[in-house]
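Only one structure is covered here, and it is reproduced in the block below.
What follows is calculated from the coordinates using simple rules that are stated; it is not laboratory data. Remember, predicted model here, so these are calculated numbers, not experimental data. Note that each Cβ is placed from the backbone with ideal geometry, even for glycine, and that neighbours are counted across all protein chains shown.
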Amino acid sequence: MSSERSFLLSLCESKSGVEESLSSPAHIRRLREFAPEPSSAFLLWHGAVYPLPVTLSVVIITYKEETNLPRTLESVKPLVADGKGEIIIIDSGSTDRTVEIARSYGAKVFIEDWKGYAAQKNSALQKATGDWILSLDADESIDQELAAQIADLILGLGRQTMRGDVPIYQTRVLASTIKGFRLNRKNHFLGHWIKHGGFWPDPKLRLFRRGAAVFEDRLVHEDAMLEGYAGRLKGALVHHSYPTLSDYIDHMNRYSSLGAEMAVATGHRGFSVVNIVLRPLATFVYNYFFRLGFLDGREGLLLHLYHAVYVSWKYAKAWEAANKQQ
């Protein structure tokens, strides 16, 4: 049985404009195909079903993202058009066309001083009014399969299929026990999709009911913390990260500085050969060889090599910062 069928029920099928009762023998047989054993996660209605409209808030934090933002907003545009949802942008003072582009897509833009990744994202969550929230980075987009999944399973827009010459319209309702979804993420490095070394499917909790999740308060690598059960959707987030080596090195330089602050706070203060030399080496060997990173060719080699360097930088910077505090 697919994971989709494990938490979704087909609520009604309209044939030639006539709705079948869910209590009919034929429909009961179909429901048993979806859920052969009774489950408290589902509520079955008898007669016509009129699901309430569900709205979606897409939330994004930005700073000088005029290159990436149009692609991101274009991918989610069908999900929020015609009153189906909203786009919330928290910008931290961009001096390029980021804000102009966001407003051209009808986004609600808020200019706020930079408070850190988690704080900025949580500020966006607080401003969202949709029933569900999709949190994206400015360099991410959603593929067509994921967009269709969200439209069908989250927004309940339904889908029409044909059985012979008879059109069948299906509307599905999500179980109330599902509070969020982890989305597979395709990471691109130098224009190459990285499929190995732990970079695929790289599931991220990015879609959840409003009020069910917040981002963990940490300087870097902040994750959404969910209260409740999370499912998985088909399709993927596409992470258009690091089109050039300079982008990646600049990013790792910033992240290693933030990581060093966290390391100092947790007691990593001394000059450690283990952390500065052996840990990066072990990281490279594990990801490149044991997790098959070498299958991603030259891009895979460079990615895992420089990621190991990032680990070394982090602990070296922690030692440097601790010395300055003395």
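Length gained on full extension, Y255 to Y169, computed as 0.36 nm times the residue gap minus the Cα-Cα distance: 26.1 nm. The length gained by stretching the chain between T161 and N323 to full extension, at 0.36 nm per residue less their Cα-Cα distance, is 51.7 nm.
Over the range 98-221, the hull volume per residue, using the convex hull of the C-alpha atoms, is 187 Å³. Seen from I101, the other residues with C-beta closer than 10 Å to its C-beta sum to a net charge of -2, counting Lys and Arg as +1 and Asp and Glu as -1.
For K317, what is the net charge nearby, where nearby means another residue's Cβ is under 12 Å from its Cβ and Lys, Arg count +1, Asp, Glu -1? Neighbourhood net charge equals +2. Here the relative contact order of the range 56-239, from alpha carbon pairs under 8 Å that lie six or more residues apart, stands at 24 percent.
Just to confirm my numbers, what's the Cα centroid distance between the range 153-188 and the range 214-252 in Å? Centre-to-centre distance over Cα atoms comes out at 24 Å. Packing-based ranking of 125-133, 168-176 yields 125-133, 168-176, ordered from highest to lowest mean Cβ neighbour count within 10 Å.
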